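**Q** My questions all concern the structure below.
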Amino acid sequence: MIVGMSRWEPNARGRLERAALELYLDRGFEQTTVAEIAGRAGVTERTFFRHFTDKREVLFSGASDLQGLLVAAVTDAPAGATPLEAVTAALDAAAAMFEERREGSRRRQAVINANPELQERELSKLAGLASAMAEALRRRGVADLPASLVAEAAVAVFKIAFEHWIDPAARKDFSQLIRDSFDELRTVTSGR
């Protein structure tokens, strides 16, 4: 066995995520191999593939957890909540999950912003979030068109608030930026 490749060392997934992000930032996404990620994390390539399907997925592996959180929050919103109130509650729940991950989110987004393939993957994941929230709204009895509009607007608000939140000059927390973005959206759509 190679020294440092102890398969019993805890949190292989977390070590792989940290190693990949460090390498992507240092060397670039394209230049980094799975073997290098595994080596830096102190695991085998086989262990890498037990946790991730490919080196891109290291950056997007939390998407299903985020989607589940958003859908659950929309589903669990009070019965009298408007569709916009339901998705606002969902984004607030997501913001709370992200709040302790600001620096990691900044670093992750820097890697994505530097690579068109990763940007495309990010957009695909965001589209999946919108579809999932729209479906959760439909299950609440919201008609198809309004459900889609509100869910797409929520993802746009999330994306814009996230971009402001990861800015090193940002002083507001993610939840406040989401509320501010929804307020701006309401203002521009009301014609005031």
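**Q** Please determine whether any residue of segment 132-149 is in the same structural domain as Ala161 (by TED's automatic domain parsing) and in contact with an Asp or Glu (Cβ under 7 Å, 6 or more places away or on another chain).
**A** yes
**Q** Here is a list: Phe52, Phe29, Phe48, Phe60. Which entry is surrounded by 14 or more Cβ atoms within 10 Å (Cβ to Cβ), under 22 Å from Met133 (Cα atoms) and touching a residue at least 12 places away in the same chain (Cβ under 8 Å)?
**A** On the way: Phe52 fails: under 22 Å from Met133 (Cα atoms); Phe29 fails: under 22 Å from Met133 (Cα atoms); Phe48 fails: under 22 Å from Met133 (Cα atoms).
Exactly one residue qualifies, and that residue is Phe60.
**Q** Considering only residues that are over 19 Å from the mean Cα position of the chain (by Cα) and modelled with pLDDT under 95, look in segment 145-171 and name the one that is nearest to Arg108 (Cα to Cα).
**A** Taking the candidates together, the pick is Ala169.
**Q** Do we find that Val34 is assigned by TED's automatic domain parsing to the domain that holds Leu126 and surrounded by 15 or more Cβ atoms within 10 Å (Cβ to Cβ) in this structure?
**A** no
**Q** Does segment 176-189 contain at least one residue that is surrounded by fewer than 16 Cβ atoms within 10 Å (Cβ to Cβ), in contact with a helix residue (DSSP H, G or I) (Cβ under 7 Å, 6 or more places away or on another chain), assigned by TED's automatic domain parsing to the domain that holds Ala79 and not β-branched (Val, Ile, Thr)?
**A** No: segment 176-189 contains no residue that is surrounded by fewer than 16 Cβ atoms within 10 Å (Cβ to Cβ), in contact with a helix residue (DSSP H, G or I) (Cβ under 7 Å, 6 or more places away or on another chain), assigned by TED's automatic domain parsing to the domain that holds Ala79 and not β-branched (Val, Ile, Thr).
**Q** Okay, moving on. Residues Ala96, Ala151: which one is buried (at least 16 other Cβ atoms within 10 Å of the Cβ) and small (Gly, Ala, Ser)?
**A** Among Ala96, Ala151, only Ala151 is buried (at least 16 other Cβ atoms within 10 Å of the Cβ) and small (Gly, Ala, Ser).
**Q** Which residue, of Glu99, Glu120, Glu184, Glu103, is within 27 Å of Asp54 (Cβ to Cβ) and modelled with pLDDT under 95? Break it down into steps so the answer makes sense when it comes.
**A** Details: Glu99 fails: within 27 Å of Asp54 (Cβ to Cβ); Glu120 fails: modelled with pLDDT under 95; Glu184 fails: within 27 Å of Asp54 (Cβ to Cβ).
When all the criteria are applied, what remains is Glu103.
**Q** Right, next: Of these, Glu45, Glu100, which one is over 16 Å from Lys125 (Cα atoms) and outside the structural domain of Leu21 (by TED's automatic domain parsing)?
**A** Going through Glu45, Glu100 in turn, the sole match is Glu100.
The values are calculated or read from the model by the stated rules, or taken from the named source; none is laboratory data. For clarity, every value in this text was computed on a predicted model and none was experimentally measured. Note that we place each Cβ from the backbone using ideal geometry, even for glycine, and neighbour counts take in every protein chain shown.
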